[in-house]
Amino acid sequence: MSRRSPPVIRFAPSPNGYLHPGHAFSALFASETARMLGGRFLLRIEDIDTGRCRPDYERAAYEDLAWLGLDWEKPVRRQSEHFADYQAALKKLRDLGVVYPCFATRAEIAAAIANSGIGAKHWPSDPDGAPLYPGLYKNTPLREQNRLMWEGRSYAWRLDMEKARDLAEKIACGPISFIEEGEGPDGKRGQLTIRPELFGDVVIARKDVPTSYHLSVVVDDALQGVTHITRGQDLFPATYVHRLLQLLLGLPEPRYRHHRLVRDETGRRLSKSARDMSLRALREGGATPDSIRAMIGFDGLRALSGEVGPVRRPESASE
């Protein structure tokens, strides 16, 4: 009889800026979950955005996480080194007939929305706040698609959401769901039904980069054997698209645990644009790993239960 494999949990930052206390909470949350479950903790570098990701930010992430006292398995998977894996997944989606090339520019999309009779102000948006794609080039004949590609036009591969969902539901033999062990919107947890249509025909890959966040994440999680996905509530809606892709690509279903976001005392969610609140800046101001844990309200099991308070700058960092 074979022994059951241990759970696998990962933390996956993008090196397009310095890590901030919100990242510290997510990393500690993932590491503590792995410890609690007796599992493995992985670090993954999500650097498919080659234009914004920089080696110095990646090095800084390693330094910040080690300074916090975290340890992870080596080697670290870097997405930019595995485009072939994502190309293979994209080919499978193309063979299934659930993606199509979209040649629309941002200006064309904006013009189509402006001329829709609805207007940009009232046009529906996806959970990330981006306007839903208005369907340009969706039903372009194959001959015309080939001509535009031959001309060298830029394009993105979009998921035909209606076709994709219909096929995924056939594979699942019914409505598609996932297990939420943390806290989704409105405090929901347990077996939850996905709503990928909220994203419309989402971008899955591009001509110059054969993947997107959605595609690379599900491929990486499967290849790395990730069993439990921990992340902030801002990424909860992305689970709808990820579960859809997992079914279409024949990938295993992980369990999910979304945690509340770390905010400052004004209620603003922390972001990399707030450079004065980066872990590096706080360290230089005299913060310690213990003071960072205190400022984000992370004390192990209490944090895993969903309790996250506002960030309060350490005294030593403000002197």
Inter-label distance, nm, simple model (7 Å from Cα along the C-beta direction), THR288/ARG78
3.4
List, in order, the whole-Hz ³J(HN,Hα) value for each residue of segment 24-33 obtained from phi through the Karplus relation with A = 6.51, B = -1.76, C = 1.60 and θ = phi - 60°; use x for Gly and Pro.
4, 4, 4, 5, 5, 4, 5, 5, 5, 4
Across segment 96-107, in residue order, what do the Karplus-derived ³J(HN,Hα) couplings come to in whole Hz, using 6.51 cos²θ - 1.76 cosθ + 1.60 with θ = phi - 60° and x for Gly and Pro?
6, x, 10, 10, 8, x, 10, 9, 5, 7, 4, 5
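Which FRET efficiency value, to the nearest 0.05, is calculated for ASP95 and ASP208 with the Förster distance at 25 angstrom and r the Cβ-Cβ distance? Don't skip to the end; give the middle numbers.
Details: r = 22 Å, r/R0 = 0.87.
Step by step, r from the Cβ atoms, then E = 0.70.
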Taking the alpha-carbon centre of each part, the distance from segment 107-129 to segment 22-101 in Å is 32
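Step through the table entries LYS121/LYS188; LYS92/LYS170; LYS121/LYS207; LYS91/LYS207; LYS91/LYS163, compare each Cα-Cα distance with 20 Å, and write down the pairs that go over it. Working shown, then result.
Details: LYS121/LYS188 30 Å; LYS92/LYS170 17 Å; LYS121/LYS207 30 Å; LYS91/LYS207 13 Å; LYS91/LYS163 16 Å.
Flagged as over cut-off: LYS121/LYS188; LYS121/LYS207.
Given R₀ = 41 Å, what would the calculated FRET efficiency be for TRP150 paired with TRP67, taking r from the Cβ atoms and rounding to 0.05?
Values: r = 52 Å, r/R0 = 1.26.
Rounded to the nearest 0.05, the efficiency is 0.20.
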ALA172 and ALA110 label points (each 7 Å along its Cα→Cβ direction) are spaced in nm at 3.6
Please state the shape class of segment 21-72: rounded when a/c is under 1.5, otherwise prolate if a/b exceeds b/c and oblate if not, all from the C-alpha gyration tensor.
prolate
For VAL8, what residues show an amide H to amide H distance below 5 Å, using hydrogens built from the backbone and excluding near sequence neighbours?
ARG40, THR227, HIS228
Mean Cβ count within 10 Å, highest first, over the residues of peptides 172-180, 244-252
244-252, 172-180
Accessible surface of the chain [probe 1.4 Å, protein heavy atoms]: carbon and sulfur percent:
50
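Shape of segment 80-208 from its Cα gyration tensor (a ≥ b ≥ c, root eigenvalues): rounded if a/c is under 1.5, otherwise prolate when a/b > b/c, or oblate? Could the numbers behind the result be given before it?
Working: a/c = 1.94, a/b = 1.27, b/c = 1.53.
Judged from the Cα gyration tensor, segment 80-208 comes out oblate (a/c at least 1.5, b/c at or above a/b).
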Between ASP56 and ARG4, what FRET efficiency comes out of the Förster formula 1/(1 + (r/R0)^6) with R0 = 41 Å and r the beta carbon distance, rounded to 0.05?
0.50
Given axes a ≥ b ≥ c from the Cα gyration tensor, I'd like to know whether segment 163-254 is rounded (a/c under 1.5), prolate (a/b larger than b/c) or oblate.
rounded
At a temperature of 10 °C and a viscosity of 1.306 mPa s, determine how fast the chain diffuses translationally according to Stokes-Einstein, using the Kirkwood radius over alpha-carbon pairs as Rh; express D in µm²/s, rounded to the nearest whole number.
75
Just the number please: accessible area per residue for the chain, 1.4 Å probe, all protein chains included, in Å².
50
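The values are calculated or read from the model by the stated rules, or taken from the named source; none is laboratory data. Predicted model only: the values in this text are computed from it and were never measured. Glycine gets a Cβ as well: all are built from the backbone with ideal geometry, and neighbour counts include every protein chain shown. Protein only, heavy atoms only, side chains kept; ligands, DNA and RNA dropped before computing areas. Shrake-Rupley method; radii C 1.70, N 1.55, O 1.52, S 1.80 Å.
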